[in-house]
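Have a look at the structure below before the remarks.
Throughout, read-outs are computed from the coordinates displayed, never taken from laboratory work. These numbers were taken from a predicted model, which means no experiment stands behind them. FYI the Cβ positions are ideal-geometry reconstructions off the backbone, even for glycines, and counts take in every protein chain you see.
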Amino acid sequence: MLAVSVAPAGAAQDDSDRGLYEVRGTDSAQRTEIARSGVDVWGTHDGVMTFAANPAQAQALRERGIALEQIADVEELLAERSPDVVASADEFPAGDEGYHTYGELTEVLRNTADEHGEIVSLSDVGSSYEGRSLHLVKISDNAGQDEDEPEVLFTCNQHAREHLTTEMCLRIVERFTDEYGSDPTVTELVDTREIYVIPTVNPDGAEYDIENGRYKGWRKNRQGNGTDLNRNWGYQWGCCGGSSGSPYSETYRGPSAFSAPETRAVASFVESRVVGGTQQIKAHLDFHSYSELVLWPYGYTYDDANDTMTPEEARRFQEVGERLAASNGYTPQQSSDLYITDGSINDWMWAEHDILSLTFEMYPAGGGGLDGFYPPDERIEPETQRNDEAVEILVAEAGNQV
Ligand SMILES: [Zn+2]
């Protein structure tokens with residue numbers, strides 16, 4: 001007798017038999033074509049694009065002449081990486097306890113604010129879809145006052161499974177507080193800048209990704225089938241085939257720009273920093289993983305410069321991007337050199353607020369497998385420390401008037 005299972009109406013497509021694939025020797029046009037096909041892009045480095053796809057998606061790409069090679073089965077990888085499913089745990093899988101859950105992160109931030117009250121103020125920019133506070137840490141001398149100092153913003157964890165980025169923001173907070181008064185560079189920057197850090201823009205997704213101690217490879221927020229927060233920003237939203245209109249896609253842009261409470265909250269905070277008609281935030285860095293890249297806008301167009309970015313401004317992005325990359329060994333490039341994206345945070349920050357806004361894709365460079373999103377917790381320290389100098393460069397750059 002046949003066993004027939006019927007998916008409930010509106011259920012997500014069956015992704016239980018997804019494979020992990022690589023395509024070698026790609027250029028940006030090919031990568032854009034692959035990304036547009038609806039597969040789940042994991043990373044790209046040296047022309048090798050790694051993505052998860054279900055059998056129908058893989059077949060469709062093959063029919064278009066794209067030479068893809070299956071390197072693993074996604075469910076098997078996830079099971080290997082987090083073998084012990086725990087009924088009630090809100091914890092990282094055994095062996096990865098060095099990562100912070102949302103609750104642990106919250107506690108560390110509160111303790112830091114308690115210990116360093118003079119230079120730290122802890123608040124939030126609003127709440128996630130499920131009601132978690134979107135923590136905002138301000139670090140500056142006289143943190144309780146709005147002084148006339150250049151401001152800089154760091155955001156992490158727009159994408160749920162990119163847990164290493166939350167640790168990156170946490171390192172920025174800990175370093176600029178613990179080293180204040182002892183490290184001369186840190187001290188000077190804290191004295192002359194207002195540094196804002198949002199350690200997790202997507203706490204609901206991050207918590208879901210580790211629910212029951214089992215990694216799920218989750219990327220989006222938890223509103224409906226999930227919105228890709230980094231396709232939901234309100235500049236050239238959905239313009240250019242750099243996001244998806246399908247709620248089941250990993251790059252679903254949402255029903256409208258800023259439909260996600262998380263992007264709306266961060267954008268409102270940035271808008272609130274326009275004081276006397278002048279945006280106070282001068283520089284911004286958004287952390288992702290993985291591929292070891294430094295990316296700058298625009299993502300929605302292959303053009304280097306246009307009516308919202310002069311050739312001089314484009315050259316400044318390139319110059320700063322290359323300087324950052326020289327400090328950490330990442331590869332610098334314009335975002336669209338990777339593939340076209342629309343509705344990204346960098347495009348909005350620059351186009352709407354003239355903020356020098358870049359993205360880091362963190363460790364590893366590539367190599368396939370699950371270590372891309374789930375590097376062992378031993379990698380947290382070296383791979384966040386690796387960006388110490390880049391963070392200092394960006395904080396300093398906020399004060400460089402152009
Ligand atoms: Zn990401």
Checklist outcome for this item: Rounded to the nearest Å, the spacing of the alpha-carbon centers of the stretch 161-220 and the stretch 350-381 is 12 Å
Checklist entry - Pairing the Cα long axis of helix 102-115 with the longest principal axis of the chain, what angle in degrees results, from 0 to 90 and rounded to the nearest 10? => result 10 degrees
Item to check | Compactness of the stretch 291-349, expressed as Rg and Dmax over alpha-carbon positions, Å | outcome: 11.0, 32
Item to check | Cβ crowding within 10 Å averaged over residues, with 164-172, 96-104, 279-287 ranked highest first | outcome: 164-172, 279-287, 96-104
Checklist outcome for this item: Checking the stretch 22-91 for trypsin sites (Lys or Arg not before Pro) in a loop per DSSP with at most 16 other beta-carbon atoms within 10 Å yields ARG24, ARG64
Checklist outcome for this item: When all Cα-Cα pair distances of the stretch 6-135 are considered, the percent exceeding 19 Å is 67 percent
Next on the checklist: What does DSSP give for the chain in terms of the percent of beta bridges that are antiparallel, rounded to the nearest 5?
Outcome noted: 55 percent
Checklist entry - One-quarter of the Cα convex hull surface for the stretch 158-230, in nm²? => result 5.9 nm²
Next on the checklist: If I model a spin label as a point 7 Å beyond the Cα along the Cα-Cβ vector, how far apart are those points for GLN279 and GLN70 in nm?
Outcome noted: 4.6 nm
Checklist entry - If you take the Cα Rg of the chain and divide it by 2.2 N^0.38 Å, with N the number of residues, what do you get? => result 0.96
Next on the checklist: What distance in nm separates the two pseudo spin-label positions at ARG36 and ALA60, each 7 Å out from Cα along the beta-carbon direction?
Outcome noted: 1.2 nm
Item to check | Most to least packed among 236-244, 359-367, 117-125, 270-278 [average Cβ atoms within 10 Å] | outcome: 359-367, 236-244, 117-125, 270-278
Checklist entry - Roughly how tilted is helix 311-328, in degrees to the nearest 10 and between 0 and 90, from the longest Cα axis of the chain? => result 80 degrees
Next on the checklist: Please compute the length gained on full extension between GLU389 and ASP377, using 0.36 nm multiplied by the number of residues separating them and subtracting their Cα-Cα distance.
Outcome noted: 2.2 nm
Next on the checklist: Please compute, over every Cα-Cα pair in the stretch 281-402, the percentage with a separation greater than 18 angstrom.
Outcome noted: 50 percent
Checklist entry - Going by average Cβ neighbours within 10 Å, how do the peptides 341-352, 318-329, 303-314 rank, with the highest at the top? => result 341-352, 318-329, 303-314
Checklist outcome for this item: Taking only Cα atoms of the stretch 205-259, the Rg to Rh ratio with Kirkwood Rh works out at 1.03
